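In what follows, a structure is listed as structure tokens, so that the remarks can point back to it.
The values are calculated or read from the model by the stated rules, or taken from the named source; none is laboratory data. Not measured: the values here are computed from a predicted model. When we count neighbours, we look across all protein chains shown, and the Cβ atoms used for this are built from the backbone with ideal geometry, even at glycine. Heads up: the accessible areas ignore ligands, DNA and RNA and are worked out on the full protein's heavy atoms, side chains in. Shrake-Rupley method; radii C 1.70, N 1.55, O 1.52, S 1.80 Å.
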Amino acid sequence: MSTALGEAEQIRLKIRVRGIVQGVGFRPFVYRIALSRGLAGFVRNDADGVWIEVEGTEENARALARELAVGPPPLSAVRAVEVEDLSLTGDSDFRVIESGPETSGRAAIPVDTATCDACLHELFDRGDRRFRYPFVNCTDCGPRYTIVRETPYDRGKTTMDAFDLCGPCRAEYEDPGDRRFHAEPNACRDCGPRLELTRPGAPALSEEDALAAAVAVLTAGGILALKGLGGFHLAADARDGAAVARLRARKGRPSKPFALMARDLSAARTVGEISPEAERAMTSPARPIVLLRRRRQAPIAEEVAPNLREVGVMLPHTPLHHLLLSDGPPLLVMTSGNLSEEPIARQNDEALSKLRGVADAFLTHDREIHTRADDSVVRIVAGETQLIRRSRGFVPEPIRIPVPSASASVLAVGPGLKNTVCVTRGDEAFLSPHVGDLQNPEAVGFFEEVVEKLKRLLSVVPSAVAHDLHPDYFSTRWAAASGLPREPVQHHHAHVAACLAEHGRSDAAIGIAFDGTGCGPSGELWGGEILTADLMDFRRAGHLRALRLPGGEAAIRQPWRTAAGALLDAGETLEALGSVERGRVHAIRQMLEKNLRSPEATGAGRWFDVVAALCGFRGAITYEGQAAAELEALAGEDGADSYPFELVDGGRDAPFEVDLRPMVLEIARARRGGTPVRDVSSRFHETMARVVSESARFVRKRAGLETAVFSGGCFQNRTLTERAKQLLESDGFEVLIHRRVPANDGGVSLGQAAVAAFRLARREGRI
């Protein structure tokens, strides 16, 4: 490439950008840089990401390549920028061209994103042509994953292909200098989706009339079914106790807390205490539900979150939500539009059929939701965000896992409860949205739906399926019938592996896996496990003392049954269960003494149930973790002493046991003596934190490991997690806790996928 004397050398570069670079304004970003630097060539999307060719001075061409990596658009996530020298072609201008036909499937689909400030300004600007249009969006915001059918991400491959762009919208869509250039959901009132409100016995209303009627329903104390971004919500005025109680009765959800949507941060602050970290989470593009410490004088009905000191609050994430809260009540219950334990409804006819007995009116629209996605839920733990439910706004963002990038694809089908599915592509893992309880037939259909969608969007054919050891999980049976080579992964190993994988780690660590109940290698009921584990294998180093569960599953639903077993095991009377009918207590005693239908389980969650029952929770739980959540709500903030417990050494080759019977004895005496439940809960949480720290120290002496990993549903408990982390870090441990995937069973599929991928790579000699 010779040049005339005094002229800058001209070069041509091919630049491949991989990552989340489609549907986020990446091509107009490249176009603007190219024009500003006097470069010729083109940019286009294809199934691998973004393909750029630029021709001009070497300084400007290589500067463009650098800018792509260091200052990309805010919603993008650049994983790699690959640069290759080409021969000059003599291009004289720079063009944005249509997507290529390649189908290698490396492109990443962007997440659904909350309405940006520019679109929000247009929404409330009387002079703008999109004033009060409920579907305003641009390349920086709007629906993505929930509307896309396949890659590359183009309008014709989304549910927006049903709407033909009008002249002004097409001009925006085709102008590389416009912020709506190739914004695939772009539309306006003349060419896009439209609102409709239906009610029994009344004519349908559209557009502004529909919105006004919806506000009237809410203001009058009614219940509104509202089509959102990833499915339907059920909304009611959060200040109206009678309305919230009606919603509970109709939905069949007697106690589980409802989430709220607040008009803005000011309204949210009237409900809960918002730390800087919580504010960042609430105002992030994902707009998750954030669990906040509830204010004493919060202007919401007690029925929103009974017996809890936290309440989940989110801000509006679509223009429709902004309009509804701007015109109507400033605080709305905004809960999933489903019947108890079913997946969120996504289609209009589905919602009208299933929610007819719940909602008084239905606010729908004609933009199809291709993939349902429930709201994500986060909590601030140890000063950072921790996901409780990973769905809208986070899916399908990939998580890098520590396996070779050339690894074969693995499909991980998750557990039975809080199910998610995970598919790997090279060294990336893609989790599905929250699926739910696979004992529900509707959830089974959603499970199969997300399996097929992930495979199709990622253009992968899995070479193996990873699954739980529990033979009765639907996901395990599905894996057995899939025809794929199977890779079984023990439940608690998967928990620990998920935390290791999200931190990019494959080395051995001390895994503290505390959850309710999971299947051990020989069919035992595990759940309070101290492991030594890496991504290949694990060893059981210790466990909590097993509890008898009189009635099996019935003991999980009625914590006082498990408490009866713990009291008798500790040599105590059942006096502490005084409020339970005497005949029922006698029957449970007989079951325990005769060992009838009373399996043993080491689950840490069951110990939370025991103490909750001793503190007065002696009814039946109506949602998973209810007793533990209410017990945490009772705990004080101040320091507390630990109750006594013992670590019983099982010998060099046997796991140790954490004996909590001394704690049970002291709690029983304390309750007989009238000790306030707040003090009991505080001391119990301190005890469990010290169980974690002492167990880790015990394993460190034997195995020399300095890293501790917390996983399992019990580590959703902020009081336990923060205190245990503090104790271990003060003793020199590195502590890894979940941030990007849930500590509960919603993260298990990632652990299954990471273990299976690592094992396959090891067998093939790639690790």
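So the values come out like this:
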quantity	calculated
Enumeration of residues in the range 32-77 that are touching a helix residue (DSSP H, G or I) at 6+ places or on another chain (Cβ under 8 Å), among the charged types (D, E, K, R) and closer than 23 Å to residue 179 by Cβ	37, 44, 67
Strands (runs of 3 or more DSSP E) (entirely within the range 192-295) containing at least 1 residues that are open to solvent by less than 10 Å² (accessible area, probe 1.4 Å), more than 24 Å from residue 345 (Cα to Cα) and at pLDDT below 95	none
Leading residue by the ranking (least open to solvent (accessible area, probe 1.4 Å)) among those in the range 537-563 that are assigned to a loop (DSSP other than H, G, I, E, B) and touching an Asp or Glu at 6+ places or on another chain (Cβ under 8 Å)	549
Conditions (1) surrounded by 19 or more Cβ atoms within 10 Å (Cβ to Cβ); (2) of a type in the set (Gly, Ala, Ser); (3) farther than 19 Å from residue 751 by Cβ: number failed by residue 357	(1)
Residue among 640, 566 that is surrounded by 16 or more Cβ atoms within 10 Å (Cβ to Cβ) and in contact with a strand residue (DSSP E or B) (Cβ under 7 Å, 6 or more places away or on another chain)	566
Count - residues of the range 367-386 that are of a type in the set (A, V, I, L, M), open to solvent by 10 Å² or more (accessible area, probe 1.4 Å) and part of a loop (DSSP other than H, G, I, E, B)	1
Residues of the range 22-39 satisfying the condition of being of a type in the set (Val, Ile, Thr) and either open to solvent by 30 Å² or more (accessible area, probe 1.4 Å) or at pLDDT 85 or above (or both)	30, 33
Only one of 759, 669 that is under 30 Å from residue 633 (Cβ atoms) and of a type in the set (Lys, Arg)	669
Among the candidates 144, 129, 155, residue that is open to solvent by less than 10 Å² (accessible area, probe 1.4 Å), out of contact with any strand residue (DSSP E or B) (no Cβ under 6 Å at 6 or more places or on another chain) and of a type in the set (D, E, K, R)	144
Any hit, the range 3-20, residues being closer than 25 Å to residue 178 by Cβ and modelled with pLDDT under 90	yes
Within the range 40-58, considering residues that are open to solvent by 10 Å² or more (accessible area, probe 1.4 Å) and in a strand (DSSP E or B), the one nearest to residue 153 (Cα to Cα)	44
Tally, over the range 524-536, of residues that are under 30 Å from residue 766 (Cα atoms) and either without any contact (Cβ under 8 Å) to a residue 24 or more places away in the chain or open to solvent by less than 30 Å² (accessible area, probe 1.4 Å) (or both)	5
Neighbours by Cβ (under 7 Å, 6+ apart or cross-chain): first from the range 437-457, part of a loop (DSSP other than H, G, I, E, B); second among the polar types (S, T, N, Q)	438/419; 438/475
Output for the range 470-523, where each listed residue is closer than 21 Å to residue 728 by Cα, of a type in the set (Asp, Glu) and either open to solvent by less than 40 Å² (accessible area, probe 1.4 Å) or not in a loop (DSSP other than H, G, I, E, B) (or both)	502, 515
One residue from 272, 230, 192 being closer than 24 Å to residue 392 by Cα and in contact with a Ser or Thr (Cβ under 6 Å, 6 or more places away or on another chain)	230
Counted residues, the range 610-625 - those being assigned to a helix (DSSP H, G or I) and out of contact with any Phe, Trp or Tyr (no Cβ under 8 Å at 6 or more places or on another chain)	3
Odd one out for residue 720 among (1) more than 18 Å from the chain's Cα centre (by Cα); (2) part of a strand (DSSP E or B); (3) surrounded by 24 or more Cβ atoms within 10 Å (Cβ to Cβ)	(2)
Test result for residue 389, surrounded by fewer than 24 Cβ atoms within 10 Å (Cβ to Cβ), modelled with pLDDT of 95 or more and farther than 22 Å from residue 257 by Cα	no
Any hit, the range 120-137, residues being under 21 Å from residue 47 (Cα atoms) and modelled with pLDDT of 90 or more	no
Per-region count, the range 644-699, residues part of a helix (DSSP H, G or I) and touching a strand residue (DSSP E or B) at 6+ places or on another chain (Cβ under 7 Å)	8
Test: residue in the range 639-660 that is more than 31 Å from the chain's Cα centre (by Cα) and of a type in the set (Val, Ile, Thr)	yes
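Quick grid of which residues meet (1) open to solvent by 30 Å² or more (accessible area, probe 1.4 Å); (2) closer than 12 Å to residue 684 by Cα:
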{"position": "611", "(1), (2)": "no, yes"}
{"position": "623", "(1), (2)": "no, no"}
{"position": "627", "(1), (2)": "no, no"}
{"position": "634", "(1), (2)": "yes, yes"}
{"position": "654", "(1), (2)": "yes, no"}
{"position": "658", "(1), (2)": "no, no"}
{"position": "666", "(1), (2)": "yes, yes"}
{"position": "673", "(1), (2)": "yes, no"}
